[in-house]
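Quick notes on the structure that follows.
None of the figures in this text is laboratory data; all of them are computed from the coordinates on show. As the structure is a computational prediction, the values presented were derived from the model and not from experiment. Cβ placement follows ideal geometry from the backbone for every residue including glycine, while neighbour counts extend to all protein chains displayed.
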Amino acid sequence: MTTTSSAPRRASAGPADLPLPLGFTCSGVAAGIKKSGAPDLGLIVCAKGAVAAAMFTRNLVAAAPIQVSRTNLARSRGHCTALLVNSGCANAATGPRGMAACHETIDAVARLLDCAPDAVLVNSTGVIGVLLPSERIVSALPELHAGLTADSCAPFATAIMTTDTRAKACTRTVGNVRVTGVAKGAGMIHPDMATMIVAITTDAAVDAPTLDRILRRSVDRSFHRISVDGDTSTNDSVFALASGQAGACDEALLQAAFDEVCTDLALKVVQDGEGFERGIKVTVNGAATPAAALQVARTVAMSLLVRTAVTGGDPNWGRILAAAGRAGVPFDVEDLRVGANGVPLFEHGAPADSTAADRRTAFTADVVHITIDLGQGACSDVFHSCGLTKRYVEINADYTT
């Protein structure tokens, strides 16, 4: 993933043109990591320092930047001055040289910002097994630093994209406090921590344990409720940074803002899934426990047969029943009710009285909302995915060639 270009190019604004919270600036340039010459290096800075929390991939093949950021976050006791993210190269499975390249970029950022190396967090995204061209990143840092702006998170959001077709960002305000999130992700999306790269900034005054608690709750309610392809990456991460410059905020209100931002970003990731044509939303009601509701919703939403039926607009609702029945959650088929976009499909142990035309319409909607009532209790949950398309196969069959 290299190019002979030497002059960094700025990342442009776009649909993610949203303001950052007080205390934060960001930038994005093309450092020559991607063959295309597109923006591929992003930086977020909190010059006065920020409280930090993060969640990282549970994949045992964790990339060098994940390992280093885990260590830095622990050593700094939840503080951060800068977050550096590159696209076009994951720097995963690259051994000692990959770790050294990671440290080289961190040290360069620390010198540039006059902060401790432990106060710099990093991540990378792209092809696994490719060594990070640290020299290109270091060379691009002065230009990256010169372009820092508080007016828009779009330069950063654009620079961290890989197979994404558009930048993803969201902002919410609670009184004087702002929460702004940026995400990248289109493939290798599945609930196993956070499943993409996300940076959430806020100007609320909050301590590290509270920020960590808020982040984990929001991730569980959002990024743990989506899947594109059932794969998790070596570089998955969600970072949360709080400058404190807008003052204190009630934890419940801040939690709600984080939940809204994370949910919005999670849905944007699904809607930009590789080869996306049609979305799937599975709502399960009437479960005996919350865990049972989630298990059935996730099993149905991730079923390859359900997803291909949705792709083809084929109202083959028997696939939904089959997926629910293998989810490992006990229920009585006589109590089961299944529908799609308000059209009943199955109830009282038999096919529902709906027309073929109505069923076809339900399965050709932009989002096919599958509803399942297990008739076992009062618990519910929701899970999002998308159809499995020919384009998804083409993108991933040709990813490195």
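Numbers at a glance
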| read-out | value |
| --- | --- |
| Residue among 215, 270, 127 farthest towards the positive dipole end of the chain, charges placed on Cβ | 127 |
| Charge dipole (debye, nearest 20) of the range 9-271; +1 at Cβ of Lys and Arg, -1 at Cβ of Asp and Glu | 280 |
| Phi-based couplings in Hz for the range 36-51 (Karplus 6.51, -1.76, 1.60; Gly and Pro marked x) | 5, x, 6, x, 8, 9, x, 9, 10, 10, 10, 4, 8, x, 10, 6 |
| Peptides 83-93, 365-375 ordered by average Cβ neighbours within 10 Å, highest first | 83-93, 365-375 |
| 10 Å Cβ shell holding at most 13 others, DSSP loop, trypsin sites (Lys or Arg not before Pro): longest site-free stretch of the chain | 78-325 |
| Calculated on alpha-carbon atoms, Rg and Dmax of the chain in Å | 21.9, 70 |
| Most positive-pole-ward Cα, 371, 330, 384, against dipole of the range 279-397 from beta carbon charges | 384 |
| Tensor-based shape of the range 279-397 (alpha-carbon gyration tensor, a/c under 1.5 rounded, otherwise prolate or oblate) | oblate |
| For residue 368, distant residues with modelled amide H under 5 Å away | 279, 280, 281 |
| Cα-based shape type of the range 123-192, given that a ≥ b ≥ c are square roots of the gyration tensor eigenvalues and the cut on a/c is 1.5 | oblate |
| Amide H contacts under 5 Å for residue 162, placed H, 5+ residues apart | 185 |
| Listed residues 116, 239, 73: farthest to the positive end of the dipole of the chain (Cβ charges) | 116 |
| Fluctuation leader among 41, 60, 141 - the chain, Gaussian network, Cα springs under 10 angstrom | 60 |
| Derived scalar couplings ³J(HN,Hα) [the range 64-71; Karplus, 6.51 cos²θ - 1.76 cosθ + 1.60; whole Hz; x for Gly, Pro] | 3, x, 5, 4, 5, 5, 4, 5 |
| Calculated from backbone phi, Karplus (6.51, -1.76, 1.60) coupling profile of the range 334-347 in Hz, x at Gly/Pro | 5, 8, 6, 10, 10, x, 9, 6, x, 9, x, 10, 8, 6 |
| Cβ-Cβ FRET estimate between residue 135 and residue 394, R0 fixed at 41 Å, reported to 0.05 | 0.75 |
| Listed residues 283, 202, 210, most fluctuating in the chain (Gaussian network, C-alpha, under 10 Å) | 210 |
| Residues whose placed amide H lies under 5 Å from that of residue 388, excluding near-sequence neighbours | 308, 311 |
